[in-house]
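Data first, discussion second: the structure below is written as structure tokens.
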Amino acid sequence: MHTVKALLSWGSLLGLSLAGCPYADPAALLKEKRADTDAASPGLDQFKVDDSQGFLTSDVGGPIEDQNSLKAGIRGSTLLEDFIFRQKIQHFDHERVPERAVHARGAGAHGTFTSYGDFSNLTAASFLSAAGKKTPVFVRFSTVAGSRGSADTARDVHGFATRFYTDEGNFDIVGNNIPVFFIQDAIRFPDLIHSVKPSPDSEIPQAATAHDSAWDFFSQQPSTLHTLMWAMAGYGIPRSYRHMDGFGVHTFRFVKDDGSTKLIKWHFKTLQGKASLVWEEAQVLAGKNADFHRQDLFDAIASGNGPSWELAVQVVDEEKALAFGFDLLDPTKLIPEELAPLQKLGILTLDTNPTNYFAETEQVMFQPGHIVRGIDFTEDPLLQGRIFSYLDTQLNRHGGPNFEQLPINMPKAAIHNNNRDGAGQNFIHTNKFPYSPNTLNNGFPAQANQTTGRGFFTAPDRPATGNLVRALSPTFDDHWTQPRLFLNSLTPVEQQFIVNAIRFETSHLQSETVKQNVLAQLNRVSNDVAKRVAVALGLPAPAPDPTFYHNNVTAGLSIFNSTLPKIATLQVGVLASTNSSSSLEQAAALKERLAKEGVVVTVVGEVQGNGVDQTYSAADASVFDSVVVAAGAEGLFDPKTAASPLYPTGRPGQILVDGFRWGKPVGALGSASAALDSTGIPSSGAPGVFTGSDVEAFVTDLEGGLSQFKVSVRFGGFTVC
Ligand code: HDD
């Protein structure tokens, strides 16, 4: 009775009619929200719980009358017999499952893969069998080292895991945004991860490799050098999940219907273009918006700008596994595109956000072992170990063997087998004879073969010979040629960023031995890089160690030498002043104009309202891709007039200056060019700095700046020799 009365009085306060059913009206309030999520999480509708109406119940369906615990007297103790209390608290106590041992921090989305054609000349995989054939997908992006609550912009390799719910079963490409990996044999994975994770005593630092144990391992295990170079470059700090490529890393096999095979490498090429942050803004973002990447993906999809990638493969004849001067079974090597061009297979588009993060993104359980007919493994010893590890870790996370029955993991293809029981069994099997062979169930489920049922088949010609040996092949021995190829293929600014990143990381090292070991390894890749790191560490410059030095380059590895094909979803901060109505009008006009290109404008002012989206006390350059000052706001940047009780001293100027020094296009309209002068930013002729009074011309310039994304010349740069 208490509850109904309370609701009635709150209802009348809110102006709601609660006549009849006291729970009906809150449903109306939720209606709008529900409309948002109805289209989400395709294929999972039958599992969705719609709470927009109905009574609150216990887990076993009994309606609950009151949400206080049951007590012995109004001021008495809670009773053990209160099963409603116990059930609710018990469920809460078990809400978490173990976070992923690696890649704990991430975000995912649903979408579709559409095949460009019939690729039966390459593979028997059915999802690649016809032009226009659509396959539902779920993709999860992640960082590796940080825990589930860590900041998105930590410098790290980024996970790019894609599940194809094909009509012949689930196929996962559990890849990264970097085409190579740190180690060559899965047995070393626990060592790699232990070295990177926080110190066992203090659990410091979170989601970072700037510490002794990581660099101790890196320098003792030079197979890490290639991936390390990529992680120290812009690939470790992408602008968003949408602005990075994905790679299957290992060499896999395509198998055709006739059993013949080719070696392949998977690539997802971003159609948003590649873009990265600079390290200083990534660090600031970790505090200003730790959910920066997660939010970017969610918002882009919600605004109808879901990202796309082209799926492509490099295809190599089996006989050429050793033809390129390295071993295609070695996951620390990429195949330069000049040696094996990309063949485009189809397009992947993400267009739907999860409805429930836990049910979908947290419970999705990828496995490199999820392959389908037409695709096969190779003998890459890293891949071989992964096939075990992921299956095993899912058992730990789920607590039983039925995790494939969770809605997000359930294949869209029918499942018939004799696997039974176990914790969390969802299926009600009707077959009383769950064994094979049988006669009592007429031999079913029947075995597929190549003429009926398109049975999965391991490539018949895969070689398996040799004596047992606990060693890596000598064809895996060269750890230095490809890191140098990577360095050579970048712009001078990107090379400088790698040096800066290694200086940042190694400046945190305590051990002189580790520092020396790092320098020795860097020096085998590049004497120039080693010298530039050494000078920052106050150590003598090492003499060249030239065995692996070369001047080869390969295409497609630089992030900075191309422009973005799309600027939709990029973020512009327009700095206005609440005290200048003309600045607010101009900001509104810019917002409307840039919205036509899908560019998102945040109008910043001293106080919210009147078109101001964000206050100076909360806004920061790190969340914008560009910063613009509206005419009339220039007074906020003049040190003589800038102080305000509404925000920390100098904030407007700091936003503008940070935007400039982090390489973003910046601009000032009309009289606001005084803001550039006040903050020491060159106002005329400097690349990526736009001025003028004509809004249309200004917008054209700004859009050019946005597609350039980072104004490289602001960062200087040196040549690696
Ligand atoms: Fe791994 C997760 C990618 C080597 C063991 N890995 C995980 C995820 C990605 C990768 C993207 C997150 C999947 C998700 O979003 O749920 N891992 C890679 C790549 C590797 C690699 C590209 C090298 C080419 N991993 C690797 C090795 C081992 C593991 C060598 C163990 C021997 N990885 C795991 C794991 C995880 C995992 C512990 C943690 C959570 C999970 O599997 O589902 O089993």
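Condition check ((1) modelled with pLDDT of 95 or more; (2) within 16 Å of the ligand (Cβ to nearest atom); (3) under 17 Å from Thr112 (Cα atoms)) across all residues:
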position: Thr332; (1), (2), (3): yes, yes, no
position: Pro336; (1), (2), (3): yes, no, no
position: Pro354; (1), (2), (3): yes, yes, yes
position: Met365; (1), (2), (3): yes, yes, no
position: Ile371; (1), (2), (3): yes, yes, no
position: Glu379; (1), (2), (3): yes, yes, no
position: Arg386; (1), (2), (3): yes, yes, no
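Of Ser195, Ser150, Ser219, Ser240, which residue is touching a residue at least 24 places away in the same chain (Cβ under 8 Å) and within 16 Å of the ligand (Cβ to nearest atom)?
Ser150
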Quick check on my filter: what residues within the range 564-598 are outside any loop (DSSP other than H, G, I, E, B), over 20 Å from Phe637 (Cβ atoms) and not charged (D, E, K, R)? Gln571, Ala588, Ala589, Leu594, Ala595
Output for Cβ contacts, cut-off 6 Å, separation at least six or different chains, first residue closer than 30 Å to Leu472 by Cα in the range 383-403, second within 7 Å of the ligand (Cβ to nearest atom) and not in a helix (DSSP H, G or I), reads Leu383/His250; Gln394/Met365
Considering only residues that are within 15 Å of the ligand (Cβ to nearest atom) and touching a Lys or Arg at 6+ places or on another chain (Cβ under 9 Å), which ones fall in the range 105-122? Arg105, Gly106, Ala107, Gly108, Ala109
Among the numbered criteria (1) crowded, with 19+ Cβ neighbours inside 10 Å; (2) more than 16 Å from the ligand (Cβ to nearest atom); (3) part of a helix (DSSP H, G or I), which one does Arg294 miss? (2)
So Phe218 ticks every box in (1) under 30 Å from Val514 (Cα atoms); (2) aromatic (Phe, Trp, Tyr); (3) open to solvent by 10 Å² or more (accessible area, probe 1.4 Å) but one. Which box is left unticked? (3)
Where Gly400 falls short, out of the listed (1) of a type outside the set (Ser, Thr, Tyr); (2) within 16 Å of the ligand (Cβ to nearest atom); (3) farther than 28 Å from Leu263 by Cβ; (4) within 23 Å of the chain's Cα centre (by Cα): (4)
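Hey, can you tell me all the residues within the range 365-401 that are in a loop (DSSP other than H, G, I, E, B), of a type outside the set (Asp, Glu) and open to solvent by less than 20 Å² (accessible area, probe 1.4 Å)?
The answer is Met365, Phe366, Gln367, Pro368, Val372, Arg373, Gly374, Thr378, Gly400.
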Any residue that is touching a strand residue (DSSP E or B) at 6+ places or on another chain (Cβ under 7 Å) and open to solvent by less than 50 Å² (accessible area, probe 1.4 Å) - is there at least one of those in the range 90-102? no
Checked the range 694-708 for anything of a type in the set (A, V, I, L, M, F, W, C) and under 16 Å from Gly670 (Cβ atoms); matches are Val695, Ala697, Phe698, Val699, Leu702
Condition broken by Lys412, with the remaining ones in (1) of a type in the set (Lys, Arg); (2) surrounded by fewer than 21 Cβ atoms within 10 Å (Cβ to Cβ); (3) within 11 Å of the ligand (Cβ to nearest atom) satisfied: (3)
Can you name every residue in the range 123-147 that is more than 23 Å from Arg253 (Cβ to Cβ), among the basic types (Lys, Arg) and more than 14 Å from the ligand (Cβ to nearest atom)? Lys134
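Keeping to the range 529-548, report how many residues are under 18 Å from Pro222 (Cα atoms) and surrounded by 17 or more Cβ atoms within 10 Å (Cβ to Cβ).
Result for the range 529-548: 5.
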The condition from (1) open to solvent by less than 40 Å² (accessible area, probe 1.4 Å); (2) within 20 Å of Ala125 (Cβ to Cβ) that Asp317 misses is numbered (1)
The conditions are (1) more than 16 Å from the ligand (Cβ to nearest atom); (2) out of contact with any Asp or Glu (no Cβ under 6 Å at 6 or more places or on another chain); (3) under 30 Å from Ala210 (Cβ atoms); (4) not aliphatic (A, V, I, L, M), and Lys256 fails exactly one of them. Which is it? (3)
Need a quick list: helices (runs of 4 or more DSSP H) entirely within the range 623-714 having at least 2 residues that are over 36 Å from the mean Cα position of the chain (by Cα) and modelled with pLDDT of 95 or more. 673-679
Quick one: in the range 66-89, which of the residues that are among the polar types (S, T, N, Q) and either open to solvent by 100 Å² or more (accessible area, probe 1.4 Å) or within 16 Å of the ligand (Cβ to nearest atom) (or both) is modelled with the highest pLDDT? Asn68
Quick test for you: out of Ile428, Ile415, Ile408, pick the one residue that is in contact (Cβ under 8 Å) with a residue 60 or more places away in the chain and in a loop (DSSP other than H, G, I, E, B). Ile408
Ser223, sole failed condition from (1) within 24 Å of Gln384 (Cα to Cα); (2) part of a strand (DSSP E or B): (2)
In contact with a helix residue (DSSP H, G or I) (Cβ under 9 Å, 6 or more places away or on another chain), at pLDDT 95 or above, in a helix (DSSP H, G or I) and crowded, with 17+ Cβ neighbours inside 10 Å - does that describe any residue in the range 599-618? no
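The values are calculated or read from the model by the stated rules, or taken from the named source; none is laboratory data. Bear in mind the structure is a predicted one, so any value in this text is a computation, not a measurement. Cβ coordinates were reconstructed from backbone atoms using ideal geometry, including for glycine residues, and neighbour counts include every protein chain displayed. Ligands, DNA and RNA are excluded from the accessible area calculation, which covers all protein heavy atoms including side chains. Shrake-Rupley method; radii C 1.70, N 1.55, O 1.52, S 1.80 Å.
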